[in-house]
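Heads up: the structure comes next, in structure tokens.
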């Protein structure tokens with residue numbers, strides 16, 4: 001038994017079936033949709049539960065007791081916490097509503113527990129607010145309330161550094177600056193390289209996300225960036241990120257995606273008009289992509305979309321991996337010409353749409369998963385446009401050396 005002083009209790013009421021609430025506390029996908037940034041679970045007594053956040057915090061434990069759609073109890077050993085604790089989730093159906101009561105026991109009343117306990121209290125309060133949102137509407141409050149710079153970023157590559165004459169080896173390259181957002185108002189332009197945000201160096205997109213997660217919406221932060229070889233500084237206001245509006249019906253979502261795929265495919269086709277196989281094989285640098293490798297990447301993106309869909313369908317997390325040169329080489333061996341690669345891009349996009357059409361209604365009814373899926377896919381046009389721009393840059397570089 002834990003002393004009363006060593007526990008914290010939280011509760012909320014959601015308009016969602018008890019089975020959806022149970023899933024949200026036991027399945028990897030269900031947990032990452034509202035509470036953490038990643039999870040691994042084996043929902044059986046004695047099975048592991050591991051949760052982690054972009055901030056660097058994580059917790060490990062095991063399921064102690066499971067009563068489907070009624071009760072979940074698991075141990076909790078958070079990073080830097082003095083000792084393990086225990087979380088109990090009581091799920092009580094009440095007509096169309098479900099009462100969710102969380103009791104976190106064994107937190108300790110000593111001074112050493114003061115800061116961990118404060119953070120856990122905040123985490124559960126914000127988490128339950130988000131649980132209610134994702135189960136009732138699908139909307140992840142962490143995304144729509146996340147402080148953003150108003151940019152579409154990319155990590156610095158040797159090609160980008162050389163082309164823009166940047167004198168540094170790290171930073172976040174701005175593929176695009178969003179109209180009316182903080183970056184544009186601060187004077188940042190497409191093609192700038194941001195090296196420091198709020199006093200912290202940023203070298204990877206994950207690092208940038210971690211830095212921004214520690215900031216508050218509406219605050220002004222200092223930025224350091226390069227425009228070519230010139231170092232500049234400025235103040236940037238953090239504003240909400242633009243989030244695509246998710247249509248209520250699957251048919252409407254598919255219609256939007258079909259139009260988006262078609263429009264971006266035509267832009268891509270236009271960029272490739274008249275180019276030779278020689279220019280499509282040319283690489284700006286040994287570790288940079290050729291045009292064919294860019295097209296192979298677009299094929300891989302759709303294949304990964306399909307693998308992600310499959311994982312969601314199985315209620316499992318899908319791990320996204322960095323690109324490898326070898327994967328591109330293999331795909332080009334199977335589709336060695338521009339027409340063959342473009343045809344496979346089109347077929348892969350068609351397959352993604354067909355997969356969405358084939359999803360069972362039960363899956364689509366999971367508002368949190370549907371919203372997350374739609375958010376990812378509705379941003380595909382930005383990704384394809386970035387790589388169309390990349391192809392045009394490669395062509396200009398190839399023409400310059402002829």
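Just one of the listed residues (156, 107, 188) is touching a strand residue (DSSP E or B) at 6+ places or on another chain (Cβ under 8 Å), outside the structural domain of residue 228 (by TED's automatic domain parsing) and in contact (Cβ under 8 Å) with a residue 40 or more places away in the chain, namely 107.
If we scan segment 306-326, do we find a residue that is in the same structural domain as residue 360 (by TED's automatic domain parsing), modelled with pLDDT of 95 or more and buried (at least 17 other Cβ atoms within 10 Å of the Cβ)? No, because not a single residue in segment 306-326 is in the same structural domain as residue 360 (by TED's automatic domain parsing), modelled with pLDDT of 95 or more and buried (at least 17 other Cβ atoms within 10 Å of the Cβ).
All of (1) closer than 25 Å to residue 259 by Cβ; (2) within 17 Å of the chain's Cα centre (by Cα) hold for residue 345 with one exception: (2).
Just one of the numbered conditions (1) outside any loop (DSSP other than H, G, I, E, B); (2) over 27 Å from the mean Cα position of the chain (by Cα); (3) within 18 Å of residue 131 (Cβ to Cβ) is not true of residue 69: (1).
Looking only at segment 387-395, decide whether some residue is free of Cβ contacts under 8 Å to residues at least 12 places away in the same chain and either in contact with a helix residue (DSSP H, G or I) (Cβ under 6 Å, 6 or more places away or on another chain) or not in a helix (DSSP H, G or I) (or both). No; the residues of segment 387-395 include none that is free of Cβ contacts under 8 Å to residues at least 12 places away in the same chain and either in contact with a helix residue (DSSP H, G or I) (Cβ under 6 Å, 6 or more places away or on another chain) or not in a helix (DSSP H, G or I) (or both). Taking the criterion of being free of Cβ contacts under 8 Å to residues at least 24 places away in the same chain and closer than 20 Å to residue 38 by Cα, the residues of segment 62-74 that qualify are 62, 73. Suppose the filter is crowded, with 16+ Cβ neighbours inside 10 Å, in the same structural domain as residue 120 (by TED's automatic domain parsing) and either out of contact with any strand residue (DSSP E or B) (no Cβ under 9 Å at 6 or more places or on another chain) or under 30 Å from residue 207 (Cβ atoms) (or both); does residue 66 pass it? So residue 66 fails the test. With respect to the conditions (1) under 30 Å from residue 31 (Cβ atoms); (2) surrounded by 16 or more Cβ atoms within 10 Å (Cβ to Cβ), residue 362 falls short on a single one, namely (2). Among the residues making up segment 169-183, a single one is in contact (Cβ under 8 Å) with a residue 24 or more places away in the chain and either loosely packed, with under 15 Cβ neighbours inside 10 Å or outside the structural domain of residue 226 (by TED's automatic domain parsing) (or both): 180. If I filter segment 235-252 for residues that are assigned to a loop (DSSP other than H, G, I, E, B), touching a strand residue (DSSP E or B) at 6+ places or on another chain (Cβ under 7 Å) and touching a residue at least 40 places away in the same chain (Cβ under 8 Å), do I get at least one hit? Yes; the residues of segment 235-252 include at least one that is assigned to a loop (DSSP other than H, G, I, E, B), touching a strand residue (DSSP E or B) at 6+ places or on another chain (Cβ under 7 Å) and touching a residue at least 40 places away in the same chain (Cβ under 8 Å).
Of the residues making up segment 268-285, those that are surrounded by 15 or more Cβ atoms within 10 Å (Cβ to Cβ), part of a helix (DSSP H, G or I) and touching a residue at least 60 places away in the same chain (Cβ under 8 Å) are 268, 271, 272, 279.
The values are calculated or read from the model by the stated rules, or taken from the named source; none is laboratory data. Keep in mind the model is a prediction, meaning the values are calculated, not measured. Reconstructed Cβ throughout: ideal geometry from the backbone, glycine too, with neighbour counts over all protein chains shown.
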